[in-house]
Amino acid sequence: MRVAVAGGTSPTLGASIVSALLATQGRYTPVILSRESKREASRLLPLQQNAEIRYVDYSSQTSLVAALRDVEVVISVLLIPGPDWITSQVNLLHAAEEAGCGRFAPSEFALTDHAHTMVDLLAAKHVVWKEVQTSVSQGKIDAARFPCGMFMNYLGIGISKDDIRLEALAGFQEGSFLVHLDAPFPWIEVPVRADGSFPNLTLTDIRDVGSFIVAALDIEEPWGGRDLGMAGDTLGFIDLISLCERYTGKSIQVYKVTKPELVTRLQSISPGQFIQYMECQLEIVGTLDQWVIDPTLNRLSSIQPMTVEQYMKRYWGRE
Ligand SMILES: NC(=O)c1ccc[n+]([C@@H]2O[C@H](COP(=O)([O-])OP(=O)(O)OC[C@H]3O[C@@H](n4cnc5c(N)ncnc54)[C@H](OP(=O)(O)O)[C@@H]3O)[C@@H](O)[C@H]2O)c1
C-alpha cells in the first residue's frame, strides 16, 4: 500500500513517518511529495533518500492528482507560513479524492481542535479540518487527525554535547518554549489554572509519531473523521519540573503565570512577532487545561513510546 507523505522531506515528522513506513518492509511504501527543488538531495536524510520522491505543485490539481494516482493514503506534515497552508492542504485533499485515495490526514500533530481555534497561527488547522469533515460526511474519503501534544524534543534544547543534543532533537530546530533548560539559570514557566493549580500536558517524541501512524494505518475499520490521538507521556508540571531537576542536575526556577497576566502580555506583543504571539496564546490554552491528548492510538496498539523520564535519562543523563 502506497502512503504519500506531503512534506516527507522534513527532518522531523517527515523523517519519522517515512522511516516507520520503510520499517514495515513493504507492507506500506512511502512516497514523499515535495516541491520541485534543486537542493533536495543534500537536505534529505539517508533514509529519506530510500523513498520515492514525487515533485508536486500544491497549487495545481493536475500535478497533485498525477502524483497520487496509485496512492492509498495521504498524510500531510506540511508547514507553510500564511494562507497557503490552508489552500495547499485543501487542494491536496481534493486531489486525493479525485485520484481515488482511501484516506487522508491533514497536518495536525499538535493539540485539540478546540485549542487550535484559540491560537491564530494554528487556526488554519481548524479550517482545513472543517473541509476534511465535509468530504468525509459526503463519503468522498476517509480521514483522521493525529494530535500528539507538544514535541518532547523541546526538552533536548540546552544539552551541551553536540552529538547528544542532535540525537535528542531528532531534527527539531525551534527555540525553547515553556521549559528553558538552555538558559544559564534554567527556568520553566507554568501557566496555572484559575484555581492556581498546575495543568497537565502531553508530550510525544517526534520519532514515536511514525510508529503511531503505522498503527493507525493498521486499523481496518474506517477512521471515520475522528481524532486518533497519541501520547508519549502525559504528566503534571510538578513531575516535569522534578524530572528536569533530577536529570539536568540543576535547580529550576519556576515562574507561575495566570490567564489574566497572559492576556495582558498578549496585548503587548505585536502580531508581527508571530512566534511570541503564538506561544502566549498557547499558554492561555494551557491555563484552560487544553494540553492533554486522549491517547486513542496508545490504546489501539502495543507501542511503548518514550516517556519524559526515559527521554531525560537517555539524553540529559549522558551530559
Ligand atoms: N506539537 C509540536 O510541538 C509541534 C512543533 C512544531 C511543529 N508541529 C506541527 O508539525 C507539523 C509539521 O511541522 P514541521 O515543523 O515539521 O514542518 P517543516 O519541517 O517546517 O515543513 C514540513 C514540510 O513542508 C514543506 N513546505 C515548507 N514550506 C512550504 C511551502 N511554502 N509550500 C509548500 N510546502 C512547504 C516542506 O517540504 P518540501 O520543501 O519538500 O516541499 C517541508 O519539508 C505542522 O503541522 C506543525 O504545526 C508541532
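Need the full-extension length gain, Phe185 to Gln310, defined as separation in residues times 0.36 nm minus the C-alpha distance. One decimal, nm. If you can, show how the numbers build up before the last one.
Details: separation 125, 0.36 × 125 = 45.00 nm, distance 2.34 nm.
Full-extension gain reported as 42.7 nm.
Considering amide H positions built from the backbone, and no H for Pro or chain starts, which residues 5 or more places from Val31, or on another chain, come under 5 Å of its amide H?
Amide H neighbours of Val31, under 5 Å, 5+ apart: Val3, Ala4, Val5.
Would you mind calculating the relative contact order of region 163-268 from Cα pairs under 8 angstrom and at least 6 residues apart, reporting the percent as a whole number? Mind dumping the intermediate values first?
Working: 93 pairs, mean separation 38.9, N = 106.
Reported relative contact order: 37 percent.
List the residues of region 100-123 whose backbone N lies under 18 Å from a point placed 7 Å from the Cα of Gln276 along the Cα-to-Cβ direction.
120-121
Distance between the C-alpha centers of region 119-137 and region 248-276? Whole Å please.
When both Cα centres are located, 27 Å separates them.
Expressed in nm to one decimal, what extension gain is obtained for the pair Asp120 and Ser268 from 0.36 nm per residue of sequence separation less their Cα-Cα distance? Don't skip to the end; give the middle numbers.
On the way: separation 148, 0.36 × 148 = 53.28 nm, distance 1.59 nm.
In short, 51.7 nm is gained.
Run through the DSSP bridge list for the chain and note the antiparallel percent, rounded to the nearest 5.
Working: 6 of 34 bridges.
Around 20 percent antiparallel, to the nearest 5.
Compare Asp289, Asp208, Asp218 in a GNM of the chain, Cα atoms joined below 10 Å, and give the one with the largest fluctuation.
Comparing Asp289, Asp208, Asp218 in a Gaussian network model of the chain, the most mobile one is Asp218.
Taking 0.36 nm per intervening residue step and subtracting the Cα-Cα distance, what contour gain separates Ser251 from Lys130 on full extension?
Values: separation 121, 0.36 × 121 = 43.56 nm, distance 4.47 nm.
39.1 nm is the gain from fully extending Ser251 to Lys130.
Highest GNM mean-square fluctuation, the chain, Cα pairs closer than 10 Å: which of Pro260, Pro184, Pro147?
Residue with maximal mean-square fluctuation among Pro260, Pro184, Pro147: Pro184.
Computed from the coordinates by the stated procedures, all read-outs in this text should not be read as laboratory data. Note that the coordinates shown come from a computational prediction; the quantities given were computed from them, not determined experimentally. We place every Cβ from the backbone using ideal geometry, glycine too, and count neighbours over all the protein chains shown.
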